Each structure stands twice: as C-alpha cells, then as structure tokens.
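The values are calculated or read from the model by the stated rules, or taken from the named source; none is laboratory data. Everything numeric in this text was worked out from a predicted model, so none of it was measured. All Cβ positions, glycine included, derive from the backbone under ideal geometry; neighbour counts span all protein chains shown. Accessible surface areas use protein heavy atoms only, side chains included; no ligands, DNA or RNA. Shrake-Rupley method; radii C 1.70, N 1.55, O 1.52, S 1.80 Å.
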Amino acid sequence: MTRTRRRYWLMKSEPDAFSIDDLQRVGTEPWNGVRNYQARNFMRDGMQVGDGVLFYHSNTAVPGIAGTATVASAAYPDDTQFDRKSDYFDPKATREEPRWFLIDVEFERKLSRTIPLEEIKQHGERLGEEFALIKRGSRLSVFPVSADQYKFLLSLE
DNA sequence: GCCAACGTTGGC
DNA sequence: GCCAACGTTGGC
C-alpha cells in the first residue's frame, strides 16, 4: 500500500447550528447539508481518513477557528438528500445516483481561544492572498489548507 | 448556451 | 438586519 501524506482542510459551521462544543459532546458527526459542488468534491474526492480539519465558526459574533478535528470516514451519500422532511432534501437525487456526499468528522480538540477571522486577515501575506478564508467574496464552506497554512494558523493560538 | 432572477452565504 | 458577492435555476 502507498502511504498518503495527511492533508488538511477547513470546514465552516454556524455555531448556532453546530459548534465545536457540540462536536466535542457527540464525538463524531456526519457533515451533512453541504449543497455546493466544489465543497462536495473536496469531501468526496479529496478527503481521506485521518486528514486534519480546522473547525471554523461562521456567521457569529466573532467568526474564527475554534478547534480541530479529523476526517473519520470515507465519503458516502448524505442521507438527508433523500429525506422529504429535511431542509436538505434534493428531489433530483436518487439512491442509485446520489448527488451529495459527506464524510464523518471526529472531534480532536477545542482551541484555548478562537482565532478570530479579523486576526487571520492580518496575516494575508503569510497565508497567501488566494487563501479561501480571506479571499474577497469567497463563500466556500469546505476547502483545502496546506500543511504550512495549517501549522501557521494554529501557531496563532 | 446565455443571462436575468432568485436564493444563499456570511461578514459586518 | 443589511447587503455584497456568489452559485444555481430555468426561460428563451
């Protein structure tokens, strides 16, 4: 078997809906509800068990990186796409041809403090202006982070 | 295949 | 709550 270098990702969640504390409580959570093709493709085609995840709190008073997690499963179909009663129901998806995939995310640790977006932005030059978190207008909720970016961001803790 | 209209994201 | 930026939908 070939060994694959661990990859890193950033995943956004609105803490009112699901926070790092919620993840700590449940341990592992299926990352359902992603309905963006680019984000889906990262989960379906890019992620592997053991990959590192920066857990980001969005749409909250102080948005920022709140914890770390790991990818805990291979990609599989997001069940909510088949559930008529779910907000994430997709009438065009079928069991035979699912449209949306997810992975399980496992709690690693909560940071001693949330690293605020405002502070991260001050390191744009260090992180690269193309970094999706600080790139103007970027709304992607799942995207790759380089090993260097990962290490640097956590060094701000 | 174009593109206007619409819905969503997410910082502020 | 506002609204800029973006992605998706659907008529043509």
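How high is the relative contact order of chain A? Use alpha-carbon pairs under 8 Å, at least six apart in sequence, and give a whole percent.
Answer for chain A is 31 percent.
Going by amide H atoms built from the backbone, whose H comes under 5 Å of the H on A:Glu14, apart from near neighbours?
It is A:Ser58, by chain and number.
What list of ³J(HN,Hα) couplings, whole Hz, do you get for the stretch A:17-34 from phi and the Karplus terms 6.51, -1.76, 1.60, once you set θ to phi - 60° and write x for glycine and proline?
Ordered by residue, 3J(HN,Hα) equals 8, 7, 9, 4, 5, 4, 5, 4, 5, 8, x, 9, 9, x, 7, 7, x, 6 Hz.
With a 10 Å cut-off between alpha carbons and a GNM built on chain A, which of A:Gly128, A:Gly67, A:Gly46 moves the most?
The residue that fluctuates most here is A:Gly128.
Can you compute the charge dipole magnitude of the stretch A:8-151 about its Cα centre, using +1 on each Lys and Arg Cβ and -1 on each Asp and Glu Cβ, nothing else charged? Give it in debye, rounded to the nearest 20. Present the calculation step by step, with values, prior to reporting the outcome.
Working: 19 positive and 23 negative charges, 51 e Å.
Using only the charged Cβ atoms, the result is roughly 240 debye.
Starting from the coordinates of the alpha-carbon atoms of the stretch A:19-86, obtain the Kirkwood hydrodynamic radius over all distinct pairs and give the value in Å to one decimal.
Values: mean 1/r = 0.0742 Å⁻¹.
In the stretch A:19-86 this quantity evaluates to 13.5 Å.
In whole Hz and in residue order, list the ³J(HN,Hα) couplings for the stretch A:99-114 that follow from phi through the Karplus curve 6.51 cos²θ - 1.76 cosθ + 1.60, θ = phi - 60°; x for Gly and Pro.
The phi angles translate into 9, 10, 10, 8, 10, 8, 10, 10, 4, 10, 7, 8, 6, 5, 8, 6 Hz.
Compute the distance in nm between two label points, each set 7 Å from the Cα along the Cα-to-Cβ direction, one at A:His123 and one at A:Ser58.
2.1
Assigning unit charges at the beta carbon (Lys, Arg +1; Asp, Glu -1) and nothing else, what dipole magnitude in debye, to the nearest 20, does the stretch A:66-156 show about its Cα centre?
Working: 14 positive and 16 negative charges, 55 e Å.
Taking the Cα centre of the stretch A:66-156 as origin, the dipole is about 260 debye.
Express in Å², to the nearest 10, the accessible area of A:Ser19 obtained by rolling a 1.4 Å probe over the protein heavy atoms while all chains stay in place.
That residue has around 10 Å² of solvent-accessible surface.
Tell me what chain A gives for mean residue ellipticity at 222 nm when only DSSP H runs of n ≥ 4 count, each as -39,500 (n - 2.57), the sum divided by the residue total, rounded to 500 deg cm²/dmol.
Computed mean residue ellipticity for chain A: -4500 deg cm²/dmol.
Tell me the carbon and sulfur percent of the accessible area for chain A, rounded to whole percent, probe radius 1.4 Å.
Values: 4100 of 9150 Å².
Reported share for carbon and sulfur atoms: 45 percent.
What whole-number value in Å² describes the accessible area per residue of the stretch A:8-151 for a 1.4 Å probe? It would help to have the intermediate numbers written out before the result.
Working: 7850 Å² over 144 residues.
For the stretch A:8-151, the solvent-accessible area averages 55 Å² per residue.
So, in nm, how far is label A:Asn41 from label A:Arg25 when the simple model puts each one 7 Å beyond its Cα toward the Cβ?
3.6
In Å, what Rg and Dmax follow from the Cα atoms of the stretch A:1-149?
In Å, with Rg to one decimal and Dmax whole: 15.5, 47.
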